């Protein structure tokens, strides 16, 4: 028991290096946007997503999970995927909107902070196949992706400021809803696949490489829309608790999903990102 306790309290170098790299990428995005380098800023946020996805997996693979790593990861996430996308978008398109512009950015930051707090306290659904609300890296990808697309196609931020504000607000609000999003955690990455699957993966990389800004923004934008669609599709009657507030865990409409999730292992949030 003492050994396990010491392990949980330890600070491990390898996974925290990835977390620090993600934090640096988010901070760099903020600085780059202050100097009107919006493509670099948007790309830096997507790079932070790669590091964020890697730190938890590295921690599990090397058996270096710790309470410190989990807390540090959350702190880094609010900078890289909360503050950074909001400020990048504000500098790009929202500054001229005055009070409405910075309020839109704040809604995104607040939504991200609440999203992380809810995840860390393990409230809501425990079904590892789904996220409760839009995950903060995905919300960051929508906002920064729009900046990337706008800059890539020489669209001035002032020309789409209202649309940009609505996207930012909606992304922030989606994070605190009860809409269910596929987590893709049920995918067996160690399993065998057919040659066709590998071919599809190669083609996917080719498609992304042709127009990375447009393709990535389109993917995450559609993913953000999938939550409301998935939720509405799987309930007999849409209720307020299906959208926001405390989700009713005794709702019979979700019994089938709950029975399936009870057969799996409880999701381990240490060293993971959300």
| message | Need one number: nm distance between label points at residue 244 and residue 153, each 7 Å from Cα along Cα→Cβ, rounded to one decimal. | response | 3.0
| request: Enter the per residue convex hull volume of segment 125-247, computed from alpha-carbon coordinates, in Å³ rounded to the nearest integer. | output: 126
| Average silhouette area of segment 35-141, convex hull of alpha-carbon atoms, in square nanometres | 7.7
| message | Quick check for you: which residues of segment 212-237 have the amide N under 12 Å from the point 7 Å beyond the Cα of residue 166 toward its beta carbon? | response | none
| Just the projected area, averaged over all directions, of the convex hull on the alpha carbon atoms of segment 91-183: how many nm²? | 6.0
| field | Value of relative contact order over segment 136-218, rounded to a whole percent, pairs C-alpha under 8 Å and six or more apart | value | 54
| What is the spin-label model distance, in nm, from residue 198 to residue 95 if the labels are put 7 Å beyond Cα along the C-beta direction? | 5.0
| note | In vacuo Debye sum over C-alpha of segment 136-203, base-10 log of normalised intensity I(q)/I(0) at q = 0.11, 0.14, 0.28 Å⁻¹, listed in q order, is -0.48, -0.68, -1.20
| message | Please state the shape class of segment 41-80: rounded when a/c is under 1.5, otherwise prolate if a/b exceeds b/c and oblate if not, all from the C-alpha gyration tensor. | response | oblate
| note | By the C-alpha gyration tensor axes a ≥ b ≥ c (rounded if a/c is under 1.5, else prolate when a/b exceeds b/c, else oblate), the shape of segment 176-245 is oblate
| Projected label distance in nm at residue 60 and residue 206, using a 7 Å step from Cα toward the beta-carbon | 3.2
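Values quoted throughout were computed directly from the atomic coordinates according to the rules given, and no laboratory measurement underlies them. This is a predicted model, so every value here is computed, not measured. So basically every Cβ, Gly included, is an ideal-geometry build from the backbone, and we count neighbours across all protein chains shown.
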